[in-house]
1. Only one of these is open to solvent by less than 20 Å² (accessible area, probe 1.4 Å), out of contact with any His (no Cβ under 7 Å at 6 or more places or on another chain), in a helix (DSSP H, G or I) and farther than 30 Å from residue 72 by Cα: 173, 197. Name it.
2. At least 1 residues that are open to solvent by 20 Å² or more (accessible area, probe 1.4 Å) and closer than 19 Å to residue 42 by Cβ in each: list the helices (runs of 4 or more DSSP H) lying fully within the range 86-164 that qualify.
3. So residue 245 fits all but one of (1) under 18 Å from residue 35 (Cβ atoms); (2) surrounded by fewer than 16 Cβ atoms within 10 Å (Cβ to Cβ); (3) of a type in the set (Val, Ile, Thr); what number is the exception?
4. Is it the case that some residue within the range 210-222 is under 19 Å from residue 24 (Cβ atoms), of a type in the set (Lys, Arg), at pLDDT below 95 and over 15 Å from the mean Cα position of the chain (by Cα)?
5. Under the condition of being open to solvent by 60 Å² or more (accessible area, probe 1.4 Å) and modelled with pLDDT of 90 or more, which residue from the range 21-46 is farthest from residue 199 (Cα to Cα)?
6. Could you figure out which of (1) modelled with pLDDT under 90; (2) assigned to a loop (DSSP other than H, G, I, E, B); (3) in contact with a strand residue (DSSP E or B) (Cβ under 6 Å, 6 or more places away or on another chain) isn't true of residue 83?
Amino acid sequence: MHIYRSQGHDVAALSGIGISVRPGELVGLLGPSGAGKSTLLQLCGGLLTPSAGRLQIGEHHIATMTESELDRMRAGDVGIVLQGAGRNLIPYLSPEDNVRYAQRAAAKGRPLPAPKEVLDLVGLSNHAHTPLERLTPGQIQLCAVAVGIATFPGLLLADEPTSQLDHRARDEVLAAISTINKATGMTVLLITHDPDVAAVLPRTITIKDGRIASEGRSGEEFAVVATDGSLPLPPHVAELLPPGTLLRVTTTEDGEVRLTPVEQEGEA
């Protein structure tokens, strides 16, 4: 759970979220603006601290870590690509120097990939020394991704890495992230509003009003039983059932669970 303090009132941005991501998974976070996606990403990166509950990233327990411990985690174990490629880059440095700069805070003695190896993964090795101002928007985003994976972290967090790009550049960035995931085994958690991006991701999690609304696997959408036993319906199902609809829950002998709308008294 995470609570924001706003004008004297507590606002729960996330409540009852229960997500388990296996090492090496590529997972997309979906949902409307304000649903809590970016808050969840910032919590995973240690940029925010949970107000309640438990959040574990690898061996790191975020809620109990000090600021210096969080800094070390972000320097080596968790890579973050903020929304807006320019926010991740130093504009007067080349792609190679941006990657090298991102590696500077990694623990001494830890083996690091060569900047060329990092740029190879995102398809920018031929532009290692090209000034950023001469790169296309798609190449600049690829450079931001390269900075995010500069230390080959175990987890990459990417906030809308394909937004504001044309279809070709979007597909190149998505292909680079997929290559990173498959070639290194790096776990990737990314936010997207693009249904075309979501459609090709092996797993998606839709968040609405700070809770998990549904989960997608290889293009098929599922409802998810929450930690408190509640069952939010997938958006396309919820549209068919107005608030207050009564659902009869029945089970069959083979274990199938059925939800059947019940006509209420006074309705035609």
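The values are calculated or read from the model by the stated rules, or taken from the named source; none is laboratory data. This is a predicted model, so every value here is computed, not measured. Backbone-built Cβ (ideal geometry, glycine too); neighbour counts: all protein chains shown. What goes into the accessible areas is simple: the full protein's heavy atoms, side chains included, and nothing from ligands, DNA or RNA. Shrake-Rupley method; radii C 1.70, N 1.55, O 1.52, S 1.80 Å.
1. Result: 197 is the single residue among 173, 197 that is open to solvent by less than 20 Å² (accessible area, probe 1.4 Å), out of contact with any His (no Cβ under 7 Å at 6 or more places or on another chain), in a helix (DSSP H, G or I) and farther than 30 Å from residue 72 by Cα.
2. 95-102, 137-148
3. It fails just one condition, (1).
4. yes
5. Ranking the qualifying residues of the range 21-46, first place goes to 42.
6. Tallying (1) modelled with pLDDT under 90; (2) assigned to a loop (DSSP other than H, G, I, E, B); (3) in contact with a strand residue (DSSP E or B) (Cβ under 6 Å, 6 or more places away or on another chain), residue 83 fails exactly one: (1).
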